[in-house]
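A.B. asks: Take a look at this one; I'll ask things after.
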Amino acid sequence: MPASPSTARAINDRLALRLLQQDGPLTAGQLKTLTGLSRPTVADLVDRLQEAGLVRVVGESGSQRRGPNARLYGIVADRAHLAALDVRTDSVAVVVADLLGVTLAEATLPIRGGTPARPAVEQAVAAVERTARSAGTAPLHSVAVGAPGLIDPVSGELRDTAGLPAWHRGLVKELQHRLPATVIVENETNLAAVAEHRGGAALDRDTFALLWLGHGIGAAVMLDGALRRGASGGAGEIGFLPVPGTAGVPSAVNCEGGFHSLAGSAAVLELAAAHGIEAHGPAGTGQERDPGAAFAVRAALADGSSRGEAFLAELADRIALGAASVVAVLDPGCVVLAGEVGRAGGDALAARVEERLARMSPLPTEVRAGTLGGGAVLRGAVIAAREAAQDALFAPEGAL
């Protein structure tokens with residue numbers, strides 16, 4: 001059944017707006033080429049988008065050209081303001097951005113261990129409000145929260161998960177109550193995969209798996225450009241994956257004995273100590289603030305001795321165990337090692353894991369180092385908030 005004229009217009013408008021956001025500013029002629037639409041159709045959609053306050057003329061193309069055909073059109077970036085949150089067990093990082101994803105203000109708030117849920121929630125929400133005010137923004141339009149744990153695929157809410165602070169769930173509810181904004185929550189590893197896909201190590205891949213190697217262990221699955229979350233929202237909870245080499249097996253409420261026990265930051269630190277690798281930088285250098293597991297990996301790479309190589313070899317063996325299970329089930333063709341440890345290991349660790357995977361699996365799999373590190377979660381949250389705003393704003397007159 002062919003689309004109605006109003007639906008076709010909405011589809012064309014959204015396509016043009018996404019191109020302007022990704023590649024703009026653009027002329028009407030460039031939009032015609034990129035969309036494949038006719039010149040009159042492009043002229044009509046540009047007029048509609050200007051009337052809706054979503055697009056404006058921002059200049060002209062070429063110093064010698066003048067007139068309507070040379071006008072450059074760009075997104076009205078301040079049409080909506082967004083907030084992105086990266087919620088960790090002991091902190092909240094906040095970024096406020098415009099509709100193009102440009103950062104306007106940012107802040108990080110430590111949350112002390114043992115802080116009761118209500119004060120922790122109040123501190124975090126106040127940090128979001130302060131950051132928005134410091135950016136000089138109007139009320140926030142969309143807020144995206146990246147958090148560890150399971151997201152219910154039906155309600156979109158963060159589920160109560162053992163081992164995570166109670167204030168995590170309270171924060172999302174309080175944001176929804178206090179802010180005149182759309183608030184969405186997504187698993188942190190999924191957001192990291194979105195960020196690496198849009199502007200990181202997986203830019204040229206629509207199908208890949210991302211392993212998050214940090215304080216916790218997780219995975220994200222991107223198939224044909226879409227995240228796959230699973231029936232209960234738990235796809236990628238590979239910290240619970242039973243693997244050889246651990247003292248036991250995981251339980252429904254505790255991932256100890258699973259892949260987490262081999263490749264989580266605590267396990268990496270223990271492995272480093274066993275090989276005589278330092279896990280913290282010298283005081284006063286700034287390196288002492290580097291996450292211990294990440295510093296240990298960097299130290300081993302710089303060490304150049306047999307102990308450094310032995311540590312990296314065993315770490316690669318451990319990571320390959322988890323990666324091999326993902327590869328055997330999904331055949332993603334590419335695995336991205338993300339998080340602080342993945343970024344610290346870089347291409348050298350990725351190459352070691354790839355070599356081991358080639359011996360363990362008949363499925364050809366490229367292993368890449370994530371390029372965004374711990375900042376991937378925030379970047380992915382900005383993208384999620386921006387897309388939520390787009391869904392609401394990029395559909396003038398007869399929206400889908």
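The values are calculated or read from the model by the stated rules, or taken from the named source; none is laboratory data. Keep in mind the model is a prediction, meaning the values are calculated, not measured. Note: ideal-geometry Cβ built from the backbone for every residue, glycine included; neighbour counts use all protein chains shown. Remember, those area values only see protein heavy atoms, side chains included, never the ligands or the DNA or RNA. Shrake-Rupley method; radii C 1.70, N 1.55, O 1.52, S 1.80 Å.
A.B. asks: Suppose we keep only residues that are among the β-branched types (V, I, T) and either in contact with a helix residue (DSSP H, G or I) (Cβ under 6 Å, 6 or more places away or on another chain) or surrounded by fewer than 24 Cβ atoms within 10 Å (Cβ to Cβ) (or both) within segment 185-200. Which one would you say is nearest to G374 (Cα to Cα)?
C.D. replies: Going through the qualifying residues, I end up with V194.
A.B. asks: Any idea which of V128, V92 is closer than 16 Å to N187 by Cα, within 21 Å of the chain's Cα centre (by Cα), buried (at least 23 other Cβ atoms within 10 Å of the Cβ) and hydrophobic (A, V, I, L, M, F, W, C)?
C.D. replies: V92 is the lone residue from the list that is closer than 16 Å to N187 by Cα, within 21 Å of the chain's Cα centre (by Cα), buried (at least 23 other Cβ atoms within 10 Å of the Cβ) and hydrophobic (A, V, I, L, M, F, W, C).
A.B. asks: How many residues does segment 105-121 hold that are part of a helix (DSSP H, G or I) and either under 15 Å from A181 (Cβ atoms) or touching a residue at least 40 places away in the same chain (Cβ under 8 Å) (or both)?
C.D. replies: Looking only at that region, the number is 4.
A.B. asks: If you check L213, L203, L227, which single one turns out to be under 20 Å from R368 (Cα atoms) and open to solvent by less than 10 Å² (accessible area, probe 1.4 Å)?
C.D. replies: Within the list L213, L203, L227, the selection yields L213.
A.B. asks: Right, next: Would you mind stating whether E340 is surrounded by fewer than 24 Cβ atoms within 10 Å (Cβ to Cβ), within 22 Å of D303 (Cβ to Cβ) and under 23 Å from the mean Cα position of the chain (by Cα)?
C.D. replies: When the stated conditions are applied, E340 passes them.
A.B. asks: Taking the options L349, L393, name whichever one is without any contact (Cβ under 8 Å) to a residue 60 or more places away in the chain and either open to solvent by less than 10 Å² (accessible area, probe 1.4 Å) or within 24 Å of V94 (Cα to Cα) (or both).
C.D. replies: Going through L349, L393 in turn, just one is without any contact (Cβ under 8 Å) to a residue 60 or more places away in the chain and either open to solvent by less than 10 Å² (accessible area, probe 1.4 Å) or within 24 Å of V94 (Cα to Cα) (or both): L349.
A.B. asks: Then there is this: Just to be sure, is D317 of a type outside the set (K, R), under 20 Å from L203 (Cα atoms) and in a helix (DSSP H, G or I)?
C.D. replies: no
A.B. asks: Looking at L109, L15, L100, which is the one that is open to solvent by 40 Å² or more (accessible area, probe 1.4 Å), under 21 Å from A385 (Cα atoms) and in contact with a Ser or Thr (Cβ under 7 Å, 6 or more places away or on another chain)?
C.D. replies: After applying the criteria, what remains is L15.
A.B. asks: To continue, here is another question. For A117, indicate whether it is buried (at least 16 other Cβ atoms within 10 Å of the Cβ) and closer than 30 Å to A132 by Cα.
C.D. replies: no
A.B. asks: Looking at segment 355-384, which of the residues that are assigned to a helix (DSSP H, G or I) and more than 23 Å from the chain's Cα centre (by Cα) is surrounded by the fewest Cβ atoms within 10 Å (Cβ to Cβ)?
C.D. replies: Only one residue tops the list, namely R359.
A.B. asks: Residues being open to solvent by 50 Å² or more (accessible area, probe 1.4 Å) and either free of Cβ contacts under 8 Å to residues at least 24 places away in the same chain or of a type in the set (G, A, S) (or both): count how many of those fall in segment 238-252.
C.D. replies: Residues that pass the stated criteria total 7.
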